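K.L.:
Sharing a structure here in C-alpha cells format.
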Amino acid sequence: HSGSNCTALCLEYSATGCFAGSVASVTLPANEPVLIQIGGSIGPPGVGALEIIAVPNALANDTCSSPEPIAGLGTWTYTRTGHTTTAFDGGNPAGCSHASSGPMERDLFFVWTATAAGSRRFKTCGEETTPVISVHLGADCAATCVGTGSNDSCSTSGRSFVVHGIQPGDSYLVQVGDWIPGAVVPTDGELTVETALPPPPNDSCATPEAISGAGSFGF
C-alpha cells in the first residue's frame, strides 16, 4: 500500500508465489514509504521471511508503443519479471480481454513482420505460470485485435493462436501476459512463430464439402 499507516492506498495484491509464499511487484519513486501487509486465507499461521529485491524498470518492450521487433520463423526468449499492466486490448475487449478480469496483466509486446505468405502459429511456452497470448494486426498501439490464444501443449504451460492469410511484409503486434490480477509470478518463457496448416477447403460456407445419402463422413 502507498503510505505508512491506515490511510495507505492499495498498490498491488498477490496470493500466489514461491512455495508457501507470494510475490508482488510495484513501481515506486525514490523515498516513498509503503505499507506491506502479510496474511493468509487458509491454514494455520507460521514463520516466514519478507524479501525485497529490485526488478528491472522501464523495460523496452513493456508497452505497445515500444515492442521488440522480430521477423520470420523462430523462437525468442522473454521475461515478464518487472513488467507492468498496460490494459491494451486492441480495441476489442470481447476478443482480446478476459470476460471477468479484463485486460491481461503484466504484459509485454513483440512486433512480428512476415517474410513469406501463409499461415503462422504464435505460441508461448516455458513459463511456470499459464501465460496468455493475443495477436493484433498492426505494429504499435493502433493495432487491432485479431484474437487470443487457446491452450497449447508444450513442455510446461503455453498458449497458441493461428493466423491465416498472412502476406509478406504484414506486421502483427504480439502481446504476452496473463489473466489473473495480482496473483501471478511472471517468469521466463519463449515465444515461437512457426508454420501452421492452412484452413481446409470446407472452412467457409462458400466452399462446403459435398456429401449425399446416408453414411458417416469424417471431418
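FYI, it's all coordinate maths here, none of it is from the lab. All values reported here derive from a predicted model rather than from experimental measurement. Cβ atoms come from the backbone with ideal geometry, glycine included; neighbour counts cover every protein chain shown.
K.L.:
Calculated from DSSP H runs of 4 or more alone, at -39500 (n - 2.57) each and per residue, what is the 222 nm mean residue ellipticity of the chain, nearest 500?
P.N.:
-500 deg cm²/dmol
K.L.:
In whole angstrom, and with the biggest value first, how far do the Cα coordinates of the chain range along each principal axis?
P.N.:
Reported extents, whole Å, longest axis first: 74, 42, 29.
K.L.:
A follow-up question, please. Please sort 32-41, 133-142 by packing, taking for each peptide the average over its residues of neighbouring beta carbons within 10 angstrom, highest first.
P.N.:
133-142, 32-41
K.L.:
Within the P(r) computed for the stretch 69-120, what percentage of the Cα pairs occupies the region above 13 Å?
P.N.:
68 percent
K.L.:
A follow-up question, please. Can you compute 3J(HN,Hα) from phi for each residue in the stretch 33-50, using the Karplus curve 6.51 cos²θ - 1.76 cosθ + 1.60 with θ = phi - 60°, rounded to whole Hz and x for Gly and Pro?
P.N.:
So the Karplus estimates, Gly and Pro as x, are x, 10, 9, 9, 10, 10, x, x, 10, 9, x, x, x, x, 9, x, 9, 9 Hz.
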